[in-house]
Structures are given as C-alpha cells and as structure tokens.
Amino acid sequence: MAEPRTETDWLAKARELAAAFATRAAQHDRDGSFPFENFDDLHQAGFLAMTVPVDKGGHGASLSTFLRVQEELAAGDGSTALAVNMHLIRFGAERESRAFPDRWWDAFCEGAVRHGWLVNTAATEEGLGSPAGGGIPETTATPAGGGWLLAGHKTFTTMAPVLHYFIVMAAIPDAAGGRPSIGNFVVLRDDPGVSIDATWDSLGMRATGSHDLVLDRVTLPSGRLLNRRLAGAADARGAAGLAWFALGVAATTLGVARAARDHAVAFARERTPNDSRTIKDYPGVRTRIARIDLLLQRSRALIFDAARAWETRDAAGMPPLDRVAVAKVDTLNNCIEAVDLAMRVVGGVSLSKRRPIERYYRDVRAALHNPPLEDRALEQLARSALDEPAEAPKAVE
Ligand SMILES: Cc1cc2nc3c(=O)[nH]c(=O)nc-3n(C[C@H](O)[C@H](O)[C@H](O)COP(=O)(O)OP(=O)(O)OC[C@H]3O[C@@H](n4cnc5c(N)ncnc54)[C@H](O)[C@@H]3O)c2cc1C
C-alpha cells in the first residue's frame, strides 16, 4: 500500500498498525521494554512524517487528522501512541509558529521524512519538576571555546532508546550575575558525554522508554543553540505547542479508554455465569456501558471542538486555548472514570494480567502528569475569566 495521504487512508492504516501493536503491548508492558518494531512500522507507513509540512517532504496532516490517528493508535498501544505524540506535535506546532532556526527546522524535517529520525524535548528534571512551573533548570550550558558546555541530568525523556534529536532545556548563567537565560539545545545521541540511564519503571505507559538523559560535560558547537529567552519571559514556542501537545495527549488517552470500553462491551455480550443470563442483560451493566459511551463521546466532542476552534482561531464563547485546557482536563477525568466503569463491568477477572484491561487502567492515568496539569489548566481558565488580559502561555514540555 502506498503511504497514506487522506484522512480516511491515515485512519485505515492506523487501525491496521494498532491491531499489530495490540499483539505486542502486553509483553512490552510487562518487561518495560521499548517497542522498536512499532516504530519501524510507523516509519514504513509514513506516520513519522505525518505532520511534517508538505514543502519539507512530509504529509502536512491537519491537527484534527493527527488527533483521530492518535486515538486509533492508542487503542492498540497507549505507550506507542503517547511516545510518537511527542515527535509529531513538534512539527505541527513549529509549522504554525516558527521558532527554530531554518537549519535545524530543515534537519528535523528531513530526518523524519528520509530516515524516520525522532525528536523530543528533554526538559523535566528531578529538582525542577515540570518546567511549566517556570523554574530554572539545574542543567547548565556555559560558553566554552566558542561553543557550549552542557552538564545535567534530565528525567522523563520519552523515546530515549530511539531519539535522534534531544532538545535539551538548560540554564545559561549570566556572566554579570544577573538573571539566567533559558536555552534549548540540539543534542545528538552520539555526542561524547551523552548517555541514557534506563530508569523508567513506571505504573503506566511502561513502554514509552521515558528514561533519564545524562549530560556529562557535553561539548557542543555554537550552532546547536535553538532558541534562548530570559528566565521568566514568554516562550516563543508558546501557544501552538500547548494546543498540539495537550490535544494529542487527550486523544491518546481517549484511545486507551476506548480500548477498555470495547473490551468491556465484548465481555458483557459473552459472559454468561452459570449459563444463566448474559451479564449484558443486568441493568447495572447496561447503565455502566451507557455511561462509558457518554463519557467518551463527550470527550471526543470536546477534543474536536477545541481542535476546530484552534484551527480556525474561533474565539466565540471561549478563547481557543482555554477550550484546549478544558478538553485536556475533562477528557483525562472522563477517561479515568470510563476505564474504572469498564473494570466494574468485567468484574474480578479485570484484575488479571491475562487481560489487557488492567493495563488500560494504569495507562489511562499517566497523562494526568503531562501538561497542562489540572491545577494549571484551571488557573488558566480562572485567569481568563478574572484577570484579563491573559498572560502569554508558558512553555510546554
Ligand atoms: C508518561 C510521561 C511522559 C513524559 N515525557 C516527557 C518528555 O518526553 N520530556 C519531558 O521533558 N518531560 C516529560 N514528562 C514529564 C512531565 O511533562 C512533567 O514534567 C512531570 O510529570 C513532572 O510534573 P509534575 O507537575 O508532577 O512535577 P512538579 O513540578 O514536581 O509538581 C508536583 C505536584 O505539584 C503541583 N505543582 C507544582 N507547582 C505548582 C504550581 N505552581 N501551581 C500548582 N500546582 C503546582 C503539580 O501540579 C503536581 O501535582 C513526561 C511525564 C510522563 C508521566
């Protein structure tokens, strides 16, 4: 089959890939191993260039198409979908709001199109917590020999086993002792001093390879600096990054919850304890299944309402970025509730490692800890309502 181009093609191929991912998901989840073969499949089918702009050799998929694909992929394997989300949103956001120098933008696009090279941000640190909090990274970049000397330790570096490009956030100290700058640097996995510490052993999304990135006095040429701003100043990547990231995470979470829903529905149609009644005939089961569908469809509607508002910059009723925050927060909470209901439908065997539903139960929670976190999203809504004009959004990692 030729590489997919229309939304219908993308979705058909995504469902085909998701079915293959689903056969491998339990093993990767159990071992905490990285699904290299899924990424080979994604590359072969053109998905790693899906959001790369057409004039750079990619497919230029719209935000809405990307989100539909994310839901499909996540229904097969949440970890693979969450991981590839980090790569694909980079191109979608940058396409809308250019912040990278041409040289690197061209390199990221060409790498994705020709080689399936993956890119992601390494910003979070143990001491810093979420960079969205506005703290200063402990990782430093100091001028040295006309270039930079990078030293630090990043946590949560999703796709660490396969990333070609790490976009590393570091503090650039001010020589005069003033406020530092925050810089983003391109680090390659074979740069001397770069290593991966395989720490990722998490409750959910266990196959995302979100290990630590260790930067042991890494020397970089000056051209590796992508962008730079004074600590506390607005990030040039701002709003587009937040929209693509938050909605991509929401669509991924929806896919995981839909897989749990489908499992519970199939179970309820077949399960007939003591050969008496099939459990689908019990009112409690029927109500729970209906409630799951209500929660998932409400989430889907919110996600695509926010995507449409973002794509058309439709601010009627609520600013697009606030709709994004609403969609992300409400989808996460709806999906957690939906998977919980699905567990109750399936009953005691839902706890069994022989069924995928206990994995969905764990995976669906992970995006609670991806931006925008609930408290920050609610604060954003409160700010819009109470403190106009709104502040510029913070960076997204
Ligand atoms: C599966 C997964 C993949 C990830 N992949 C990546 C990646 O590829 N790259 C990357 O850089 N990071 C990644 N992250 C990290 C993520 O973006 C967050 O930085 C990380 O989860 C820590 O966020 P935190 O809010 O818990 O941290 P903390 O900042 O330590 O916050 C701890 C708690 O305090 C609350 N809190 C802190 N400050 C405030 C405040 N000012 N106002 C209100 N509440 C506050 C938070 O809401 C949270 O409940 C990933 C995380 C997960 C779970």
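The values are calculated or read from the model by the stated rules, or taken from the named source; none is laboratory data. Note that the structure is a prediction, hence the values are computed from the model and not measured. Neighbour counts run over all protein chains shown; Cβ positions are idealised from the backbone, glycine included. The protein model used for the area step is the full one, side chains on, heavy atoms only, and it has no ligands, DNA or RNA in it. Shrake-Rupley method; radii C 1.70, N 1.55, O 1.52, S 1.80 Å.
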* Helix axis angle, 238-270 relative to the chain longest principal axis, alpha carbon, degrees -> 20
* Order the following by accessible area, largest value first: His211, His115. Probe radius 1.4 Å; ligands, DNA and RNA are ignored. => His115, His211
* Structure fact -> For the chain, whose charge dipole is built from +1 on Lys and Arg Cβ atoms and -1 on Asp and Glu Cβ atoms, the candidate among Tyr282, Leu295, Pro221 with its Cα farthest towards the positive end is Tyr282
* Asked: For Ser222 and Ser62, what does the FRET efficiency come to when R0 = 35 Å and r is the distance between their Cβ atoms, rounded to the nearest 0.05?
  -> 0.45
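Per residue, what accessible area does the chain have, given a 1.4 Å probe and all protein chains present, in Å²?
42
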* Asked: Which residue, Ala122, Ala338, Ala290, tops the fluctuation ranking in a GNM of the chain built on C-alpha contacts under 10 Å?
  -> Ala290
* Asked: Which shape class applies to the range 1-159: rounded if a/c is under 1.5, otherwise prolate when a/b exceeds b/c and oblate if not, where a ≥ b ≥ c are the square roots of the Cα gyration tensor eigenvalues?
  -> oblate
* Structure fact -> Pseudo-spin-label distance Glu126 to Ala234, built 7 Å along Cα→Cβ, given in nm, is 3.6
* To do: At 7 Å along the Cα-to-beta-carbon direction for both Arg383 and Glu270, put a label point, then send me their distance in nm to one decimal.
  => 4.9
* Asked: When the label point is put 7 Å from the Cα of His115 along its Cα-to-beta-carbon vector, which residues of the range 180-198 have a backbone N closer than 17 Å?
  -> 186-192, 194
* Mind pulling the angle between the C-alpha long axis of helix 78-96 and the longest principal axis of the chain? Nearest 10 degrees, somewhere in 0 to 90. => 50
* Structure fact -> Full extension between Gln297 and Glu96 adds, at 0.36 nm per residue less the Cα distance, a length in nm of 69.5 nm
* Fluctuation leader among Asp275, Asp31, Asp77 - the chain, Gaussian network, Cα springs under 10 angstrom -> Asp275
* Structure fact -> Taking a crude spin-label model, label points 7 Å out from Cα along the C-beta direction, the Gln27 to Ala176 distance in nm is 6.0
* Structure fact -> From DSSP H assignment alone, runs of 4+ in the chain each adding -39500 (n - 2.57), the sum over residues rounded to the nearest 500 puts [θ] at 222 nm at -16000 deg cm²/dmol
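Given the Cα-Cα distance of Arg103 and His43 and 0.36 nm per residue of separation, how much length would full extension add, in nm? Spell out each step's value before the answer.
Working: separation 60, 0.36 × 60 = 21.60 nm, distance 2.29 nm.
Length difference between fully extended and current span is 19.3 nm.
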* Roughly what angle does helix 7-31 make with the longest principal axis of the chain, taking Cα atoms, 0 to 90 degrees, to the nearest 10? -> 90
* Asked: If you roll a 1.4 Å probe over the range 7-117 with all protein chains in place, what percent of the accessible area is carbon or sulfur?
  -> 46
